[in-house]
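Please treat every number below as a calculation from the coordinates, not as lab data. Here the structure is a predicted model, which is why all the values come from computation and not from measurement. Cβ placement follows ideal geometry from the backbone for every residue including glycine, while neighbour counts extend to all protein chains displayed.
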Amino acid sequence: MIKKNIRNGIIGAGLTALILSGCSIDSTASTQKSSNDTSRHEEKAEQSAHKNDAQEKSKQQDQSNHKKNQEDKLQTSASGNKVTVVSNPKSNLVLVNKTHKLPDGYQPPDLTIPHVKFPYDGKYEKMHLRKPAADALEKMFNAAEKQGIILYAQSGYRSFDRQKAIFANNVQTQGKKQASIVSAQPGTSEHQTGLAMDITSQDAGFKLEQDFGDTKEGKWVAQHCADYGFIIRYPKGKDKEKITGYEYEPWHLRYVGTKAAKYIMAHHITLEEYLAKK
Ligand SMILES: [Zn+2]
């Protein structure tokens with residue numbers, strides 16, 4: 001039911017609503033090919049930086065996972081949480097979550113627009129991915145199409161400045177505390193790495209919703225994405241949500257390279273767990 005509420009722009013109370021989407025805001029004006037309210041969903045999906053027990057546990061785990069990396073620096077976020085600044089932002093395996101952020105102003109080096117279908121016309125920042133991820137996405141979409149599975153890329157890269165502006169705007173209009181509840185801190189959105197893309201399909205109404213996982217396109221992606229170096233970054237299950245800090249997002253693909261992707265998907269683990277094993 002919460003899912004429906006999100007679609008209607010009304011966030012219900014409760015834990016599930018508090019650990020919503022890692023996809024967060026990208027309200028870049030774009031005309032959807034269908035008359036849906038995807039962009040509104042994306043704005044509401046920004047509800048991400050909320051502090052709760054699950055995230056506290058996730059934070060503790062993340063921090064212990066990452067202790068070995070001594071170059072990482074600790075910072076205190078606007079909400080008072082300890083946030084580690086990652087030292088390997090350009091790595092395919094970079095960990096970005098609510099407690100691991102990209103360095104201020106980080107810009108991915110090799111952004112490009114993949115030659116794939118988008119459910120809107122025009123050219124936008126969010127169409128970009130880093131080159132290796134873009135190449136892999138093209139290969140995956142082409143392979144899918146040969147099997148009658150038509151995929152669309154919805155939202156990829158988001159710049160640090162854009163995320164910062166969104167956050168600053170929320171601070172101004174809602175205050176610092178509320179801003180950190182309703183929007184992702186700059187640097188903590190995986191979309192800023194240029195390695196994440198939200199994908200969708202016509203069957204899913206070009207929306208970013210959990211129903212996508214039940215469509216034939218969503219099932220194909222879950223089965224084959226690792227062959228192209230992608231993982232379902234926020235897998236299903238309360239145990240996984242506690243680790244990632246996010247609800248199940250069958251649409252949010254993260255490029256990590258084929259070796260890591262095959263291991264992660266075959267063993268049904270998260271990127272956090274994979275990095276802890278390394
Ligand atoms: Zn996403």
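Tell me the net charge near LEU271. Cut-off is 9 Å between Cβ atoms, LEU271 excluded, with +1 for each Lys or Arg and -1 for each Asp or Glu.
Details: positive: ARG233, ARG254; negative: GLU272, GLU273.
Once positives and negatives cancel, what remains is 0.
Coupling constants for region 117-133 follow from the phi torsions by the Karplus curve (6.51 cos²θ - 1.76 cosθ + 1.60, θ = phi - 60°), and in residue order they are 7, 10, x, 8, 9, x, 10, 9, 3, 5, 7, 7, 9, 5, 3, x, 5 Hz; glycine and proline get x. Per the Debye calculation on region 105-192 with a single equal scatterer at every Cα and no solvent contribution, log₁₀ I(q)/I(0) for q = 0.15 Å⁻¹ amounts to -0.66.
Using only C-alpha atoms and all pairs of different ones, pull out the Kirkwood radius for region 152-272 in Å with one decimal.
The answer is 15.3 Å.
Say the cut-off is 31 Å between C-alpha atoms; which of LYS101/LYS123; LYS98/LYS277; LYS131/LYS278; LYS123/LYS177; LYS90/LYS262; LYS139/LYS176 go over it? In this structure, LYS123/LYS177; LYS139/LYS176 exceed 31 Å between Cα atoms.
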